[in-house]
Amino acid sequence: MTRIETEAEALRDRALVFAAELGIDEGAWYLRMLEESRSENETPDLGALVRAYWELQRVTGRADLRDDWRRLADALWQGDAA
């Protein structure tokens, strides 16, 4: 049976691609956590996703990324999955 990719997994993969394109230090804790969850085929840590999207928005100034990290932060505080 094929595993269906979740929204959190898609956001994780997108964050890792953006971070690599922007040259963000791949040793940053949040990127290491996201990479680890990808390599272990696990759901990504929501806190790491929030931090990754916050950093991506800070570096790029893109409003859509700000919307993403705010939505993820709301989900984290509510205890919901992304």
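With respect to E7, determine if the residue is of a type outside the set (F, W, Y) and farther than 20 Å from G79 by Cα. Judged against the criteria, E7 is not a match.
Within the set W29, W54, the sole residue that is open to solvent by 80 Å² or more (accessible area, probe 1.4 Å), aromatic (F, W, Y) and in contact with a Leu (Cβ under 9 Å, 6 or more places away or on another chain) turns out to be W54.
Among the residues making up segment 32-51, those that are in contact (Cβ under 8 Å) with a residue 12 or more places away in the chain and open to solvent by 30 Å² or more (accessible area, probe 1.4 Å) are M33, E35, R38, N41, T43, D45, R51. The number of residues in segment 1-23 that are among the β-branched types (V, I, T) and at pLDDT 95 or above comes to 1.
The values are calculated or read from the model by the stated rules, or taken from the named source; none is laboratory data. Note that the coordinates shown come from a computational prediction; the quantities given were computed from them, not determined experimentally. Don't worry about glycine lacking a Cβ; one is built from the backbone with ideal geometry, like all the others, and counts go over all protein chains shown. Each accessible area value is taken on the protein alone, full model and side chains, heavy atoms only, with ligands, DNA and RNA left out. Shrake-Rupley method; radii C 1.70, N 1.55, O 1.52, S 1.80 Å.
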